[in-house]
Each structure stands twice: as structure tokens, then as C-alpha cells.
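Every read-out reported here was derived from the displayed coordinates using simple, explicitly stated rules and does not represent laboratory data. Owing to the predicted nature of the structure, the values given are computational and were not obtained by experimental measurement. FYI the Cβ positions are ideal-geometry reconstructions off the backbone, even for glycines, and counts take in every protein chain you see.
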Amino acid sequence: MPIYKTKKIKDGKTQYRVIVSFTDIHGNYKQVSKVCYGLTEAKALERQLQIETTNYLPEENMTVYDLYIDYCQSKKYEVRETTLEKSQSIIENHILPYFKDKKISKITMQEIQKWKNALSEKKYKVTTKNNILKSFKAMLNYAVKMEYIQKSPLDKVDTFREAYFTSTQKNINYYTPEEFKKYIAVAKESIKTQRDYGYYVFFNIAFFTGMRKGEINALKWSDIDGDIIHITKSITQKTKGGYSETPPKNKSSVRDLQMPLNLVKILKEYNSIQRQNKAYTDDFRVCGGDTILPDTTIEKRNANFSKKAGLKHIRIHDFRHSHASVLCNEGINIQEVARRLGHADISMTLNTYSHLYPREEERAVKILEKIS
């Protein structure tokens, strides 16, 4: 199955012509020819064409790697770029090393169990192991859908579970209101430029709204209406530079949040500063102005602020936990907490934050104590 290099170059990549010869179901000899840019892409294209033009039943010769290429191609326009990249990473690191050249129709339960046992020995969280299993199941379910195989060998495989003696309560890091006051005071003291002010605003939004990092970075002044923030998009930054604007994580993530007055005041003051820029429009990013705040710099500022404030270091995502912990400790309905965080399933909120309702527990005991 030849791959020919041409003389054309596009975006720094060489053009390749991939030619696959085959015999159709009527016994006629045929060829299909396509071009692409980059050797890696050419090899993937060759494999895809082999799958599409093979004269044998797919389930008789398709390997797990063949299925992987086909599966990724089908999902390319169905899911977010970051979702696909995460799925590809999981499959390439945890599934292909075991099953790459294995024919999908020949995968046995014994092989699956051996793979699962090996994964069990890894020092991963149970949720991580189940995400790996979920990715494998999704790919094999796609094979069933496409009629490459009649049924998935993972249908009867159970999910990973915590050992019976292991606590299932999630350990989460967060700042209390008192700790956040110390943290944000340091952030405010560090302001020397308009850019510095943007980071100060970023962490205020994170704590007082529980928004995700990508949602905050995507926020424009046109998304703010008085004390209401309209969350309709997210920013995904790429490791090799650049970023893409996409819809939020799920349907529940498209939401309106009412802000407390202290945050409204901070945003008004910062907006008046941004308006001094002659190029200002309502399409300016709230925190970054005419650009966005880099993820790496956000984390550096975060580490620096916590160190100067004498506080433990928490992740950017833990500011969501901080927001939720404040609401939970004040007895705010768990459904409202889930809505503000943009969770698709309230069970996720319950599993993560139910233990942060100590006052409700005390109130329940007092009610029971009145019975005599």
C-alpha cells in the first residue's frame, strides 16, 4: 500500500499521496487515491482506507488499532476537541499497549480480565481507572454499532470499586472565607499594572461564582448584565500554544449566575480601567482585555499569592470547591449548589460536598433530641 511524497508543502507539512489497491465484492480490481499533509496523517489515512476498502468482513481482520483510527475519525466532529484529545490519550496510553494488534473479534474475557488486573495494580484513583474502562467500552460499543462485531467483550465487565475498607469520601481542598480574605489581600497588593489587576479579578470571580477556569477566561463584558453573569462559552488552551473557544462542558454549564454585590463592585471598577483603552469594546475579555490570561501564568500567580499569604497551595479548580464549601456550610440547597457549579448530575455534587453540611447534621440531631 504505497505512500508517495509530493513536492507540495502546507503549514510546514509535506503533502503525501496515499494509494490503496483492492478488489471489490464483484471481483473488480480498483484503486483509491487521496492526499493529506504529514507522514503521521498519511499512515493513519492509509490504515483508514484499508479498513474502508477491505474485501473481508471487518470483524475478521480489524485490529484494535484499526478500530481506534476509525473511532477517532467518527468522533472528530461529534465531540469537543479537548474531549477527543483526552479520549485519545487514554486509549493510546492504557489500551493500545495491550491490544494494539489484537483482532477485535478475537478478544477474550481472559485477556480483558488480565488487562483489568494489571490496571488494578496501578496506583490510580478508582475514578481514573473507571474512566479508562469507560473509554474502552465506548470504542467497542462503536464497533458493535458499526457491525464490526456482534457484541462487546466488555459488556459483562464490572467497573472498578473501592476496597471495602477504603473511605469513599472525597478529600477536597478549599479556602475558607477567612483564608480567602488573606489570599485576595495579597493579590490586591501585587497590582502594579492593568494585567496584574486582571489576575486579581480572575480569582475573585473564581471564588465568588465557582466558575471553571475556561469559563472565566471566556467571559466578555457583553456577558455581564448588571449583577448577572451569562455563561455560554469556555476557553481551551493548547499545550503548543493558541486556544479555542467552545461551548461549556455540558448543557447544564450554560447558566446565569447572580453575583454578590462585592464582586459587582470589583468588576465595575475594573471595567472603568479597561475602558481607558481606546480599542475597548464590550467584546473585551473581562480578565484579559484584548487577549486571555495564560493558564501557566494563572497557576504561577496562584502559587505566589498562597505562599505570600502563608496559606496552603490549592489548585485553580479548588476555588470551585471553595465556593461550594461556603454555600454548603450555610445550608444552601444542594440543587442550587449544583446549578451554580454547572453540574450535569446532582449526584456528582452530593458525592463531593454532602459531608460539608455539619450544621444540617447538628439541626437533625437537635430535632431528634426533642422526642421523648
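If r is the Cβ-Cβ distance from LYS122 to LYS34 and R0 is 41 Å, what FRET efficiency results, to the nearest 0.05?
Values: r = 39 Å, r/R0 = 0.96.
E between LYS122 and LYS34, to the nearest 0.05, is 0.55.
Helix-only mean residue ellipticity at 222 nm, the chain, DSSP H runs n ≥ 4 weighted -39,500 (n - 2.57), per residue, nearest 500. What is it?
About -15000 deg cm²/dmol.
Which of the trypsin sites (Lys or Arg not before Pro) found in the range 226-312 are loop residues per DSSP with 14 or fewer other Cβ atoms within 10 Å of their Cβ?
Those satisfying the criteria are LYS238, LYS240, ARG275, LYS278, LYS312.
For a footprinting-style exposure proxy, rank LEU219, LEU49 by other Cβ within 10 Å, fewest first.
The fewest-first ordering by Cβ neighbours comes to LEU49, LEU219.
Starting from 0 in steps of 10 Å, tell me what percent of the Cα-Cα pairs of the range 60-168 lands in each bin.
Using 10 Å bins, I get a P(r) of 13, 47, 31, 8, 1 for the range 60-168.
Per residue Cα convex hull volume for the range 256-372, in cubic angstrom?
Hull volume normalised by residue count: 168 Å³.
Scan the chain and report its longest stretch carrying no GluC sites (Glu not before Pro) that are both in a DSSP loop and have at most 12 other Cβ atoms within 10 Å.
In short, 163-329.
Could you run the Debye sum over the Cα atoms of the range 299-352, one equal point scatterer each and no solvent, and tell me log10 of I(q)/I(0) at q = 0.13, 0.24, 0.26, 0.31 Å⁻¹, two decimals?
-0.40, -0.87, -0.94, -1.18
With Kirkwood's inverse mean 1/r over C-alpha pairs for Rh, give me the Rg to Rh ratio of the range 177-362, two decimals please.
When Rh is taken as the Kirkwood radius, the ratio is 0.96.
Rounded to the nearest 0.05, what FRET efficiency do VAL157 and SER347 have when you use their Cβ-Cβ distance and R0 = 22 Å? It would help to have the intermediate numbers written out before the result.
On the way: r = 22 Å, r/R0 = 1.01.
Approximately 0.50, to the nearest 0.05.
What fraction, in whole percent, of alpha-carbon pairs in the chain exceed 34 Å separation?
Summing the P(r) of the chain above 34 Å gives 47 percent of all pairs.
Which of ARG315, ARG340 comes first, and how do the rest follow, when ranked by fewest Cβ neighbours within 10 Å?
Going from least to most buried by this count: ARG315, ARG340.
Give me the one-decimal nm value for the distance between modelled label points at VAL254 and LYS8, 7 Å along each residue's Cα-to-Cβ direction.
3.8
Restricting to Cα atoms and excluding each atom paired with itself, what does the Kirkwood estimate give for the range 1-55 in Å? Intermediate results must be reported in sequence, preceding the final value.
Working: mean 1/r = 0.0857 Å⁻¹.
Hydrodynamic radius (Kirkwood, Cα only) of the range 1-55 equals 11.7 Å.
I need ASP225, ASP256 ordered by Cβ neighbour count within 10 Å, fewest first.
ASP225, ASP256
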